Amino acid sequence: MRIVVVVLVLFGLWLLFSGFFEPLLLTLGLLSCLFVTWIAQRMGLLTPEADHTPLHPLRCLGYIPWLAWQVAKSNIDVVQSILIPSKGISSRVVRVPSSQPSNLLRSLYANSITLTPGTISINVTDDVITVHALSREGAEELEGGEMDARVTALAGKR
């Protein structure tokens, strides 16, 4: 039953976003949804044991603008590091704690770090993410833990 629901949801999203209703394109869209579902099943993503952490929708809506602001601030920091020689680049590798209770949230945290210019997640374990930071300020901000706390808070009760 779970597989049928996934195929129907994917196909519904495909219809919504594509807007194509010609028989050939409908068939190709359905085949692509079946293929993606098959891959997800083979990866073990559709089993009851898979990590299905529910995310709080309103907290997600609040996280997106906050992350966009962090990306903008980091862009300015990277540009200053390049254009102002006295500021310089002081790259470093740091290990930041990861308090997320699930693989989904840990992945979201690591990807949020990588989306922020000047930082990239190198390795992810259950409780630590190894990060390369272009500047001391970027590393210190991650070590402060605000992003970690915000991502963890996304798994609130509905």
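The values are calculated or read from the model by the stated rules, or taken from the named source; none is laboratory data. In this text, all values refer to a predicted model and were calculated from it rather than measured experimentally. Reconstructed Cβ throughout: ideal geometry from the backbone, glycine too, with neighbour counts over all protein chains shown.
Of the residues making up the stretch 96-113, those that are closer than 11 Å to residue 131 by Cα and surrounded by 15 or more Cβ atoms within 10 Å (Cβ to Cβ) number 3.
Could you run through the stretch 111-128 and say how many residues are part of a helix (DSSP H, G or I) and out of contact with any strand residue (DSSP E or B) (no Cβ under 8 Å at 6 or more places or on another chain)?
Number of matching residues: 2.
Residue count for the stretch 105-158 satisfying the condition of being farther than 19 Å from residue 65 by Cα, modelled with pLDDT of 90 or more and acidic (Asp, Glu): 3. Scan the stretch 88-106 for residues that are over 16 Å from residue 146 (Cα atoms) and free of Cβ contacts under 8 Å to residues at least 40 places away in the same chain and the total you get is 1.
Restricting to the stretch 129-158, name every residue that is part of a loop (DSSP other than H, G, I, E, B) and not charged (D, E, K, R). Spell out the reasoning first.
Keep residues of the stretch 129-158 that are part of a loop (DSSP other than H, G, I, E, B), which gives 134-135, 145, 154-158.
Correct list: 134, 135, 145, 154, 155, 156.
Within the stretch 51-89, the set of residues being polar (S, T, N, Q) and farther than 16 Å from residue 109 by Cβ comprises 75, 80, 81, 86.
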